[in-house]
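Peer 1: This is the structure I want to talk about, given as structure tokens.
The values are calculated or read from the model by the stated rules, or taken from the named source; none is laboratory data. All of these numbers come straight from a predicted model, not from anything done at the bench. Note that we place each Cβ from the backbone using ideal geometry, even for glycine, and neighbour counts take in every protein chain shown.
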């Protein structure tokens with residue numbers, strides 16, 4: 001006997017399956033969240049783990065409210081987010097400009113090649129003490145850390161994408177008598193736009209590293225300072241609070257950049 | 001003096017380990033309004049010749065004049081069409097077509113209107129605001145023709161512009177390009193490895209031999225084939241005769257290599 005196929009019914013079933021899967025995924029994500037914090041709370045209160053070192057969620061929560069009340073938290077949070085954003089923007093913009101200069105002069109790029117390799121291999125946070133001595137223990141050196149950590153890798157990635165632009169596009173422009181600047185403006189830069197945007201996502205993560213390490217070293221204000229201070233006075237509740245805040249705000253920033261990336265790339269490809 | 005004069009042109013390519021002679025003692029002249037095909041096996045330097053004519057780089061030795069001037073990409077003398085359309089994917093069709101005018105600083109209402117008029121003439125009305133990927137391969141190559149024609153070049157250089165298209169589209173576009181060039185009385189040089197295309201479109205065919213590239217033979221296309229559109233040329237008797245002649249010549253070249 002031939003089976004009768006009802007496409008509408010099948011489609012409805014398919015959609016139901018998708019929806020139910022989504023529900024279950026969310027359920028387990030939520031479960032992990034609850035389980036993690038409950039276990040942390042219980043384990044610490046029962047002294048399975050040392051509450052002095054690991055603290056526990058309700059205690060962190062109390063501290064959070066306390067810090068909001070005396071408004072010191074906002075200063076630290078604001079400072080760190082500001083430094084990260086600026087370091088991230090500077091790193092991306094300067095890296096792209098450097099890539100443009102290298103593209104402009106192939107001779108210069110050949111000369112600088114080994115130095116780029118060295119600078120890229122070098123762990124940038126090791127430059128921290130020098131930056132602080134050079135730029136003073138404050139904003140400037142922390143922002144410089146946030147920028148310097150992403151600038152070389154941005155240069156290398158963007159420069160590679162500049163060079164991979166199909167030569168035939170340049171040929172089209174050159175037969176129209178385009179100057180080198182016009183080649184850059186009409187073909188090189190727009191063709192590399194998706195690459196530049198995707199470096200944003202990497203750079204936002206790197207900038208957090210640079211800024212937190214910078215704040216460790218400068219030890220004046222910010223979430224990095226809160227961690228180092230908490231560590232020194234053995235207040236690990238404060239350390240945990242800072243870590244949770246960093247996790248939340250780094251995620252938010254990453255998500256914003258991801259959203260921006262989707263939107264910009266869609267505009268490019270539209 | 002002819003419209004285009006090439007005298008004793010030779011060209012070398014260098015790499016650290018080799019020096020390759022791409023062209024050897026090339027001399028020819030082309031009259032205004034003529035359609036010439038450069039035919040030959042791969043590696044015979046056809047595309048090198050075309051790039052030199054376009055002024056993209058100078059030949060190692062020899063001289064070239066186009067309308068009494070040395071070739072120069074900046075002089076708006078030349079229109080170049082590539083194997084693929086190479087329309088800029090992030091620009092609309094309109095922006096793509098205005099590109100040459102914009103780069104030359106000649107973009108104004110008048111040149112814009114004439115470029116758009118041409119677009120309409122070749123059957124691409126209503127796609128001005130669309131992006132290249134929304135168009136079919138044939139439409140895109142037509143848009144590329146419009147981009148080339150927009151700057152009103154005196155000499156058109158066609159680097160296998162139909163090779164990436166399916167056969168049907170290719171035949172249609174050959175007719176379109178042929179008629180357009182006739183109508184605007186343009187001089188053109190076509191690089192191709194398709195004998196049929198060379199015969200059906202040109203007034204003369206320069207057969208190149210490879211390694212090093214030099215002109216092996218020149219074929220004059222009979223008058224009765226010159227004035228017929230490429231599609232109709234293919235059904236003429238004289239077409240088959242000349243096809244056989246060129247074919248044999250090309251075969252003998254390949255055997256010698």
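Peer 1: Select from region B:61-120 the residues that are farther than 26 Å from residue B:5 by Cα, part of a loop (DSSP other than H, G, I, E, B) and more than 14 Å from chain A (Cβ to nearest Cβ) and list them in ascending order. Show your work before the answer.
Peer 2: Just the residues of region B:61-120 that are farther than 26 Å from residue B:5 by Cα, to begin with: B:84-99, B:101-103, B:105-120.
From the residues that got through so far, the ones that are part of a loop (DSSP other than H, G, I, E, B) too are B:84-92, B:105-108.
Scanning region B:61-120 gives a single hit, B:108.
Peer 1: Something else: When you go through A:186, A:221 one by one, which is the residue that is buried (at least 16 other Cβ atoms within 10 Å of the Cβ) and in contact (Cβ under 8 Å) with a residue 60 or more places away in the chain? Break it down stepwise before answering.
Peer 2: Details: A:186 fails: in contact (Cβ under 8 Å) with a residue 60 or more places away in the chain.
Result of the check over A:186, A:221: A:221.
Peer 1: Can you say whether residue A:251 is within 17 Å of the chain's Cα centre (by Cα) and within 14 Å of another protein chain (Cβ to nearest Cβ), as far as the supplied structure shows?
Peer 2: On the way: within 17 Å of the chain's Cα centre (by Cα): yes; within 14 Å of another protein chain (Cβ to nearest Cβ): no.
No, not satisfied.
Peer 1: Within region B:128-175, how many residues are more than 14 Å from chain A (Cβ to nearest Cβ) and more than 25 Å from residue B:107 (Cβ to Cβ)?
Peer 2: First, the residues of region B:128-175 that are more than 14 Å from chain A (Cβ to nearest Cβ): B:128, B:135-139, B:142, B:162, B:165-175.
If we keep only those that are more than 25 Å from residue B:107 (Cβ to Cβ) as well, we get B:136-138, B:162, B:165-175.
Residues in region B:128-175 being more than 14 Å from chain A (Cβ to nearest Cβ) and more than 25 Å from residue B:107 (Cβ to Cβ): 15 in total.
Peer 1: Do you know which of the residues in region B:15-48 that are at positive phi and surrounded by fewer than 17 Cβ atoms within 10 Å (Cβ to Cβ) is nearest to the chain's Cα centre (by Cα)?
Peer 2: Only one residue fits best here, namely B:33.
Peer 1: Got a sec? Which of A:52, A:98, A:102 is surrounded by 11 or more Cβ atoms within 10 Å (Cβ to Cβ) and modelled with pLDDT under 90? Give the steps one after another, and end with the answer.
Peer 2: Working: A:98 fails: modelled with pLDDT under 90; A:102 fails: modelled with pLDDT under 90.
Only one candidate qualifies: A:52.
Peer 1: Tell me which of these residue A:164 doesn't satisfy, since it passes every other one: (1) in contact with a helix residue (DSSP H, G or I) (Cβ under 7 Å, 6 or more places away or on another chain); (2) away from chain B (no Cβ under 12 Å).
Peer 2: (1)
Peer 1: Got at least one residue in region B:137-144 being outside the structural domain of residue B:233 (by TED's automatic domain parsing), within 19 Å of residue A:174 (Cβ to Cβ), crowded, with 19+ Cβ neighbours inside 10 Å and modelled with pLDDT of 85 or more? Steps first, answer last, please.
Peer 2: So the first thing to find is which residues in region B:137-144 are outside the structural domain of residue B:233 (by TED's automatic domain parsing), and the list is B:137-144.
Still in the list and also within 19 Å of residue A:174 (Cβ to Cβ): B:144.
Within this subset, residues satisfying the condition of being crowded, with 19+ Cβ neighbours inside 10 Å are B:144.
Filter once more, keeping what is modelled with pLDDT of 85 or more: B:144.
Yes; the residues of region B:137-144 include at least one that is outside the structural domain of residue B:233 (by TED's automatic domain parsing), within 19 Å of residue A:174 (Cβ to Cβ), crowded, with 19+ Cβ neighbours inside 10 Å and modelled with pLDDT of 85 or more.
Peer 1: For the condition in a helix (DSSP H, G or I), more than 14 Å from chain B (Cβ to nearest Cβ) and out of contact with any strand residue (DSSP E or B) (no Cβ under 7 Å at 6 or more places or on another chain), what is the one hit in A:199, A:195?
Peer 2: A:199
Peer 1: Of the conditions (1) in contact (Cβ under 8 Å) with a residue 40 or more places away in the chain; (2) surrounded by fewer than 19 Cβ atoms within 10 Å (Cβ to Cβ), residue B:156 satisfies every one except a single condition; which number is it?
Peer 2: Of (1) in contact (Cβ under 8 Å) with a residue 40 or more places away in the chain; (2) surrounded by fewer than 19 Cβ atoms within 10 Å (Cβ to Cβ), only one is false for residue B:156: (2).
Peer 1: Quick check on this structure: which one of A:133, A:172 is assigned to a helix (DSSP H, G or I), within 14 Å of chain B (Cβ to nearest Cβ), over 20 Å from residue A:105 (Cβ atoms) and free of Cβ contacts under 8 Å to residues at least 24 places away in the same chain? It would help to see each step written out before you state the result.
Peer 2: Numbers: A:133 fails: within 14 Å of chain B (Cβ to nearest Cβ).
Residue meeting the stated conditions: A:172.
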